[in-house]
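First comes the structure, then the notes that go with it.
The values are calculated or read from the model by the stated rules, or taken from the named source; none is laboratory data. Predicted model only: the values in this text are computed from it and were never measured. Ideal geometry is used to build each Cβ from the backbone, glycine not excepted, and the neighbour counts take in all protein chains shown. Calculation scope for accessible area: heavy atoms of the full protein, side chains included, ligands and nucleic acids excluded. Shrake-Rupley method; radii C 1.70, N 1.55, O 1.52, S 1.80 Å.
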Amino acid sequence: MKVVALCFLLGATLIFAVARWQEALGAPGWVGYVRAAAEAGMVGALADWFAVTALFRRPLGLPIPHTAIIPTRKDDLGRNLGNFVESNFLSEDVVRDKLRRVGFSARLGEWLAQPEHADRVTAEASTIVRGAVAVLRDEDVQAVLEQAVVRKLTDREWGPPLGRLLGQLFADGTHHRLVDLLCDRAHEWVRDHPDAVSKLVSDRAPSWSPKFMDSMLAERVNKELLKFTAKVQSDPEHPMRQAIDRFLTEFADDLRNDPATMARAEQVKQQVLAHPDAQRLTGSAWGAAKKMLLAAAEDPSSELRQRMRDGLLKLGDRLVSDPALRAKAEGWLEGAAMYVVINYRNEIGGLITETVQRWDAEEASRKIELQVGRDLQFIRINGTVVGALAGLLIHTVSQILL
């Protein structure tokens, strides 16, 4: 394009020289019009060559003021470009308007509703999970778990929250199934272990008591125990069951309000957390979770991946069919975008400025010229043509008027 623009200049110069020579030989008047057009075309071509060249270097190497603009003012241009992007592209109104016109949630829903896309997202998410789990060191994860879980358990009292939980369970009657189980097991044990009852009676009987009396007493005690456990087992309103309910209710209340019970609960907590098995629990829990995550992420037919895929498909369908969910998703996206724009707008603009500042001046000028230089050469061509037409018009007007 530089050669083409130069040819226009050389053509205008050649035409001017021939026309001027013919005028000196007494050529007809129309040659003057050609000479004026060619002369103005030369001026226009030279002026635009100077303007285009002055952007990237000093014309003919001369230290003319306000030339080589890009190399000498690169940092200022980068700063102005960063400010321009920050002010005009990262403004809240522009970003909000763009997000609302794009309809991101609807497009995302349509995309996720297609099974192949849900499979792709699931596979990519599984790859990320595998990479993240593989990178994490077991000792680091264990330290985090101890910091986040064990220390919080140590710092907080167990009594009041445990008392509130148990109180709610006892008030709702959730514990009755456990009491039923205990009653069933107690009755079954007494029924299936009469020898244990006989041995207990014999061991506690006086040495002077006859053996047949001990046997009779043991049999009587066993029968009474069987009757008692059977009644407790069959009667939901048995006094024994009511006594258990009262004990449990009072115990839950003591965990919340009785200092002595709360202190004992703290002692139990300290004993549990200080036990070696409890301290190794975090490490073993992470090891088991790590194996489970890796196996689930690597197996395309795993429950984790299938549920993730089904969840993505359902999310896509809902985003397409549910206007309320779409509006909520748009609100989330808009809020996230506004947070980035408000808090990181200066950093984004500064990134442009710093990137331009790191460029070498001559290299940056050369790259920019290679990108836009072709279009800039049309300025030289147009300058030659427009200059020639302007010169022709001026010469014509001057001939008419004078």
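Round to a whole number: what % of the accessible area of the chain belongs to carbon and sulfur, probe 1.4 Å? Walk me through the numbers on the way to the answer.
Details: 16930 of 27030 Å².
For the chain, the apolar C and S fraction of the accessible surface comes to 63 percent.
Spin-label point model (7 Å from Cα, Cβ direction): what's the residue 119 to residue 328 distance in nm?
Here the modelled spin labels are 3.0 nm apart.
By average Cβ neighbour count within 10 Å, what is the ranking of 348-356, 54-62 from highest down?
Order by mean packing, descending: 348-356, 54-62.
Compute the accessible area per residue over the chain, keeping the other protein chains in place, probe 1.4 Å, unit Å².
Values: 27030 Å² over 402 residues.
Normalised by residue count, the accessible surface of the chain is 67 Å².
How much length is gained if the chain between residue 20 and residue 234 is pulled fully straight, taking 0.36 nm per residue apart and subtracting their Cα-Cα distance, in nm to one decimal?
64.0 nm
How high is the relative contact order of region 8-47, in percent, counting Cα pairs under 8 Å that sit 6 or more residues apart?
55 percent
Going down the list 291/314; 2/367; 98/367; 2/74, which pairs span over 22 Å between their C-alpha atoms?
291/314; 98/367; 2/74
Using Cα pairs closer than 8 Å and at least 6 residues apart in sequence, work out the relative contact order for the chain, in percent.
Across the chain, relative contact order equals 42 percent.
Between residue 47 and residue 264, what is 0.36 nm times their sequence separation minus the Cα-Cα distance? Round to one decimal in nm.
Numbers: separation 217, 0.36 × 217 = 78.12 nm, distance 9.60 nm.
Here the segment from residue 47 to residue 264 would lengthen by 68.5 nm.
If you add up the charges near residue 127, with Lys and Arg at +1 and Asp and Glu at -1, over every other residue whose beta carbon is less than 12 angstrom from its beta carbon, what do you get?
Counting the neighbours of residue 127, the net charge comes to +1.
Which residue fluctuates the most in the chain, going by a Gaussian network model with Cα springs under 10 Å, if the choices are 308, 213, 240?
Taking springs between Cα atoms under 10 Å, the residue moving most is 213.
What's the angle, to the nearest 10 degrees (0 to 90), between helix 115-135's Cα axis and the longest principal axis of the chain?
So the helix axis and the longest Cα principal axis differ by about 70 degrees.
Which one is right for this structure if semi-axes √(5λ) of the Cα gyration tensor in Å is calculated from it: [x] 37, 25, 19; [y] 99, 24, 20; [z] 33, 28, 19?
[y]
Would you tally the net charge around residue 391, using a Cβ to Cβ cut-off of less than 11 Å, leaving residue 391 out, and scoring K and R as +1, D and E as -1?
Here the charged neighbours net out to 0.
By how many degrees, between 0 and 90 and to the nearest 10, does the Cα long axis of helix 194-204 differ from the longest principal axis of the chain?
60 degrees
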